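Note sheet for the following structure.
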Amino acid sequence: MILGPDNAFWDDGEWISWEDVTSEDIDEHSLLSKLEYEADLRLRFPNADITLIPYFEALVKLAAHYLVDTGRHLQVYGDIGELFGAITYGIKLNRNYAPGADGRLGNDHVEIKTITPFNKHDRVTVKLDGNFSKLLLVKINDSFCVSGKLIDRKALPRTKGGRVRVTWADVEG
């Protein structure tokens, strides 16, 4: 039998028959692909819990598709912001509804605030009564690209009230 594109695949300079491929070969290839993918993620996000990355990607994709299909926003942007912080900065997230802050970065308590795609003014309001020393400002733009800026609490504008408005453009990072 002559091997070609109708009954085989090209690999490493020769045609390989599909009949010669075993399930162990496929499993080994899948494992190598997964290991290469994980190694790439470790290089890009050295502090991340990489098990969170598929959930982050799925939530961003779900929010975008839901908006396209329904014209409405899902209420998942805060979760996307927290996962972004855990992946990109290595923030260890607190349990849900923990008072004071959303997570820890070393010895610092971190409050995470997310600017949503429908926020016209690119700003959030931060309660100052929380126990946090850093603020992670996460922005999800209308193309669902996610970015963040980590700032010290001391860099927040001074106010007499218990809240402060923080605008994306006013934060360096």
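The values are calculated or read from the model by the stated rules, or taken from the named source; none is laboratory data. Note that the structure is predicted; figures quoted are calculated from it, not measured. FYI the Cβ positions are ideal-geometry reconstructions off the backbone, even for glycines, and counts take in every protein chain you see.
May I ask you to verify whether Arg104 is at pLDDT 95 or above, touching a Lys or Arg at 6+ places or on another chain (Cβ under 6 Å) and either outside any helix (DSSP H, G or I) or within 19 Å of Glu172 (Cα to Cα) (or both)?
So Arg104 passes the test.
Could we say that Asp27 is part of a helix (DSSP H, G or I), modelled with pLDDT under 80 and either surrounded by 10 or more Cβ atoms within 10 Å (Cβ to Cβ) or hydroxyl-bearing (Ser, Thr, Tyr) (or both) here?
For Asp27, the condition - part of a helix (DSSP H, G or I), modelled with pLDDT under 80 and either surrounded by 10 or more Cβ atoms within 10 Å (Cβ to Cβ) or hydroxyl-bearing (Ser, Thr, Tyr) (or both) - is met.
Would you point out the residue of the stretch 62-89, among those that are without any contact (Cβ under 8 Å) to a residue 24 or more places away in the chain and surrounded by 11 or more Cβ atoms within 10 Å (Cβ to Cβ), that is nearest to Val138 (Cα to Cα)?
Asp79
For the stretch 135-173, give me the residue count where each residue is in contact (Cβ under 8 Å) with a residue 40 or more places away in the chain and part of a strand (DSSP E or B).
Of the residues in the stretch 135-173, 9 are in contact (Cβ under 8 Å) with a residue 40 or more places away in the chain and part of a strand (DSSP E or B).
Pull out all pairs, ordered by first then second residue, where Cβ-Cβ is under 7 Å, the residues are six or more apart or on different chains, the first lies in the stretch 117-134 and is not assigned by TED's automatic domain parsing to the domain that holds Leu74, and the second is among the aromatic types (Phe, Trp, Tyr) and part of a strand (DSSP E or B).
none
Just to be sure before I move on: is Ile112 in a strand (DSSP E or B) and either of a type outside the set (Val, Ile, Thr) or within 19 Å of Trp168 (Cβ to Cβ) (or both) in the structure I sent? Walk me through it before giving the result.
On the way: in a strand (DSSP E or B): yes; either of a type outside the set (Val, Ile, Thr) or within 19 Å of Trp168 (Cβ to Cβ) (or both): yes.
It is true that Ile112 is in a strand (DSSP E or B) and either of a type outside the set (Val, Ile, Thr) or within 19 Å of Trp168 (Cβ to Cβ) (or both).
What residue, among those in the stretch 144-173 that are among the hydrophobic types (A, V, I, L, M, F, W, C) and surrounded by fewer than 14 Cβ atoms within 10 Å (Cβ to Cβ), is nearest to Tyr77 (Cα to Cα)?
The residue in question is Cys145.
So Asp129 ticks every box in (1) among the charged types (D, E, K, R); (2) modelled with pLDDT of 90 or more; (3) not in a helix (DSSP H, G or I) but one. Which box is left unticked?
Unmet for Asp129, out of (1) among the charged types (D, E, K, R); (2) modelled with pLDDT of 90 or more; (3) not in a helix (DSSP H, G or I): (2).
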